[in-house]
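Q: What follows is a structure written as structure tokens; I'll ask about it next.
The values are calculated or read from the model by the stated rules, or taken from the named source; none is laboratory data. The shown structure was predicted, so the numbers you read here are calculated from the model rather than taken from an experiment. In this analysis, Cβ positions are derived from the backbone assuming ideal geometry, glycine residues included, and neighbour counts consider all displayed protein chains.
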């Protein structure tokens, strides 16, 4: 892989870096052992998008107190998940009480001394022809999230909506506008840098669009391949893919308060059927210039794969490479931050 220019990254030296718990799921570590693993491998924190409890423990105030104290003793930051933003099940259409779920997650975050909770509702609505239009989801979300403003504000916790596979950055900005919210209030974003590719967005351009809203991150590298069925996106080891993580981290380093760089990595691949006109119509904000940049990234990915410098890891094989790849990702982030702070 051709090395990117070694640029100074501004204020990145003040950024902390760590791991999202989902990345290490195959290791079967409970929450406390996960903190120990991250500390032993040079990380500075953990985002608990999911929590494995020690045997005999419950996710109660005593556990949260112990978790907070362990993290403090190790000098690690904590980030919390469990939030939801779509008020019904994307697969079945059945209503979901996300107010209750978000209050519970926000109360847990507050008990940990945190001011944000990651929200991920999941779903691949655009990939099915019988799903409601995206506008219907956005209207329902706006109505539900507006009603949660006081609750989240009273708890001092913002909901960080992940850039996942449901909405583009354009649509999330329209959601915030419909909620009448400004950056720094009760809604923000968890920026997943690789998921942007799957939603047909150039990671740098998308980051610039939503930068003031970013309060949490999933730092994830990836590739994009052009196939006979369309584009295929997939995660790769941090620093080995075509996501310009240096450029993104440079942008993130301008934020105040500082965000943490929480590494996420996993196996799998995602077909983006761009040759299907009805699928592309579901991305009305996609401009020709940005699509051209994605094709250029796909060509670069193809060259890297041909040279054996990048490969798709199937989900079934992730347990085999998980620990090694997350360790390498942490080393990459450490060097990225070190260069920027030197």
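Q: Show me the helices (runs of 4 or more DSSP H) entirely contained within region 128-232 in which 1 or more residues are more than 13 Å from the chain's Cα centre (by Cα). Spell out how you get there, then give the answer.
A: Working: elements: 134-146, 149-155, 169-179, 195-198, 203-210.
The helices (runs of 4 or more DSSP H) meeting that bar are 134-146, 149-155, 169-179, 203-210.
Q: May I ask you to verify whether residue 151 is in contact with a helix residue (DSSP H, G or I) (Cβ under 9 Å, 6 or more places away or on another chain) and at pLDDT below 95? If you could, list the steps in order and put the result at the bottom.
A: Working: in contact with a helix residue (DSSP H, G or I) (Cβ under 9 Å, 6 or more places away or on another chain): yes; at pLDDT below 95: no.
Spelling it out, it is not the case that residue 151 is in contact with a helix residue (DSSP H, G or I) (Cβ under 9 Å, 6 or more places away or on another chain) and at pLDDT below 95.
Q: Let me ask something else. Please go through region 322-342 and give me each residue that is buried (at least 16 other Cβ atoms within 10 Å of the Cβ), over 20 Å from residue 47 (Cβ atoms) and modelled with pLDDT of 95 or more, ordered by number.
A: none
Q: Residues being part of a strand (DSSP E or B) and out of contact with any helix residue (DSSP H, G or I) (no Cβ under 7 Å at 6 or more places or on another chain): count how many of those fall in region 233-260. Can you show your working first?
A: In the first step, residues of region 233-260 are kept if they are part of a strand (DSSP E or B); the result is 233-236.
Still in the list and also out of contact with any helix residue (DSSP H, G or I) (no Cβ under 7 Å at 6 or more places or on another chain): 234-236.
Going through region 233-260 one residue at a time, the tally reaches 3.
Q: Could you look through region 281-295, keep only residues that are outside any helix (DSSP H, G or I) and touching a residue at least 60 places away in the same chain (Cβ under 8 Å), and pick out the one that is surrounded by the fewest Cβ atoms within 10 Å (Cβ to Cβ)? Outline the logic, then answer.
A: Our first condition is that a residue be outside any helix (DSSP H, G or I); within region 281-295, this holds for 281-287.
Among the residues that remain, those that are also touching a residue at least 60 places away in the same chain (Cβ under 8 Å) are: 282-283, 285-286.
Details: 282: 17, 283: 20, 285: 14, 286: 18.
In this case the residue turns out to be 285.
Q: Every residue in region 233-257 that is free of Cβ contacts under 8 Å to residues at least 60 places away in the same chain and surrounded by fewer than 23 Cβ atoms within 10 Å (Cβ to Cβ), please.
A: Matches in region 233-257: 247, 251, 255, 256, 257.
Q: Sticking with this one: Looking only at residues that are at pLDDT below 95 and not in a loop (DSSP other than H, G, I, E, B) in region 74-96, which one is farthest from residue 119 (Cα to Cα)?
A: 95
Table: residues versus (1) in a helix (DSSP H, G or I); (2) at negative phi; (3) crowded, with 17+ Cβ neighbours inside 10 Å; (4) modelled with pLDDT of 95 or more.
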{"site": "43", "(1), (2), (3), (4)": "no, yes, yes, yes"}
{"site": "59", "(1), (2), (3), (4)": "no, yes, no, yes"}
{"site": "65", "(1), (2), (3), (4)": "yes, yes, no, yes"}
{"site": "72", "(1), (2), (3), (4)": "yes, yes, no, yes"}
{"site": "103", "(1), (2), (3), (4)": "yes, yes, yes, yes"}
{"site": "109", "(1), (2), (3), (4)": "yes, yes, yes, yes"}
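Q: Now for a different question. Restricting to region 78-95, what's the tally of residues that are buried (at least 17 other Cβ atoms within 10 Å of the Cβ), on the phi < 0 side of the Ramachandran plot and touching a strand residue (DSSP E or B) at 6+ places or on another chain (Cβ under 8 Å)?
A: The initial filter retains those residues of region 78-95 that are buried (at least 17 other Cβ atoms within 10 Å of the Cβ), namely 78-88, 90.
Add one more test, that the residue is on the phi < 0 side of the Ramachandran plot, and what stays is 78-81, 83-88, 90.
Filter again for touching a strand residue (DSSP E or B) at 6+ places or on another chain (Cβ under 8 Å), leaving 78-81, 83-85, 87-88.
Counting residues in region 78-95 that are buried (at least 17 other Cβ atoms within 10 Å of the Cβ), on the phi < 0 side of the Ramachandran plot and touching a strand residue (DSSP E or B) at 6+ places or on another chain (Cβ under 8 Å) gives 9.
Q: Check residue 194 against each of (1) under 25 Å from residue 333 (Cα atoms); (2) surrounded by fewer than 24 Cβ atoms within 10 Å (Cβ to Cβ); (3) touching a residue at least 40 places away in the same chain (Cβ under 8 Å) and name the one condition it does not meet.
A: Only one criterion is unmet by residue 194, namely (2).
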